[in-house]
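Trainee: The structure's right below; bear with me while I get my questions together.
Every number in this text was worked out from the coordinates using simple rules, so none of it is lab data. This is a predicted model, so every value here is computed, not measured. Ideal geometry is used to build each Cβ from the backbone, glycine not excepted, and the neighbour counts take in all protein chains shown.
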Amino acid sequence: MKHRETYESRGIAFVTFEDTESTDKAVKLSGKRIGSRTVRVEFSAPKNDVAGKGKGGKGKGKGGPQEKPEGCMSVVVDNLSTNASEDDLWALFRDCSSVNNITIMRDKETWLSKGLAFVDFDETDDTDAAVKLSGEKIHEQAVTIRFKMPKW
């Protein structure tokens, strides 16, 4: 993933594997070094996993109730249609007056949505309103909205 203004790496990547065995092997690489950096590799809940249990129930969980981090100013939108646009998200969050930025993660070649977006606000109360919109549809596809958790 790249920073929305500088396009520099944000130090995070999502990798999809064909089988669970490969995923397990990748997670065992956590703590290894890539270049000068030590990397953390974790399980992630697959798209459309409303239970939020991830592969084999080992993921951190995206679905279901979530506690709001103190001072939270951003949300994550999952399960976006490949055809979703920023305009679609601006329309969804029209009642959240402090939205200041929407970034959709896009495929480098096709420029289609990867199913994930970040929405930033000026007011933390608007993140509560945004999360309540989870389940609303964009292009006939229900989206999941959760608080963006701080980096560790």
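Trainee: On the first, second and third principal axes, largest extent first, how far apart are the outermost C-alpha atoms of the stretch 74-147 in Å?
Mentor: Projected onto the principal axes, the Cα atoms of the stretch 74-147 cover 36, 21, 18 Å.
Trainee: Quick one: length gained pulling Arg37 to Asp95 fully straight, 0.36 nm per residue minus the C-alpha distance?
Mentor: Details: separation 58, 0.36 × 58 = 20.88 nm, distance 4.13 nm.
Extra length from Arg37 to Asp95 when fully extended: 16.8 nm.
Trainee: Let me ask something else. I need Glu70, Glu123 ordered by Cβ neighbour count within 10 Å, fewest first. Let's see the in-between values first.
Mentor: Values: Glu70 7, Glu123 14.
Going from sparsest to densest Cβ surroundings: Glu70, Glu123.
Trainee: Still on this structure, please answer the following. Going toward the positive end of the dipole of the stretch 74-147, with +1 on Lys and Arg Cβ and -1 on Asp and Glu Cβ, which of Val131, Val99, Thr82 do you reach last?
Mentor: Ranked along the dipole, the leading option is Thr82.
Trainee: Take the stretch 76-116, drop everything but the C-alpha atoms, weight them equally and run the Debye formula without solvent; then report log10 I(q)/I(0) at 0.27 Å⁻¹ to two decimals.
Mentor: Log-scaled intensity ratios, in q order: -0.95.
Trainee: Ok, one more. Report the local net charge at Lys108: Lys and Arg +1, Asp and Glu -1, summed over other residues whose C-beta lies under 13 Å from its C-beta.
Mentor: Taking every Cβ under 13 Å from that of Lys108, the sum is +1.
Trainee: What order, most packed first, do the peptides 15-23, 130-138 have when packing is the mean number of other Cβ atoms within 10 Å of each residue? If you can, show how the numbers build up before the last one.
Mentor: Numbers: 15-23: 11.1, 130-138: 15.6.
Per-residue Cβ counts within 10 Å, averaged per peptide and sorted highest first, yield 130-138, 15-23.
Trainee: Can you give me the relative contact order of the stretch 74-147 as a percent, contacts being Cα pairs under 8 Å and 6 or more apart? The partial results should precede the final answer.
Mentor: Details: 142 pairs, mean separation 32.3, N = 74.
Averaging sequence separation for qualifying contacts and normalising by length gives 44 percent for the stretch 74-147.
Trainee: Further question on the same structure: Under a crude label model (7 Å from the Cα following the beta-carbon direction), how far is Glu86 from Glu109 in nanometres?
Mentor: 2.5
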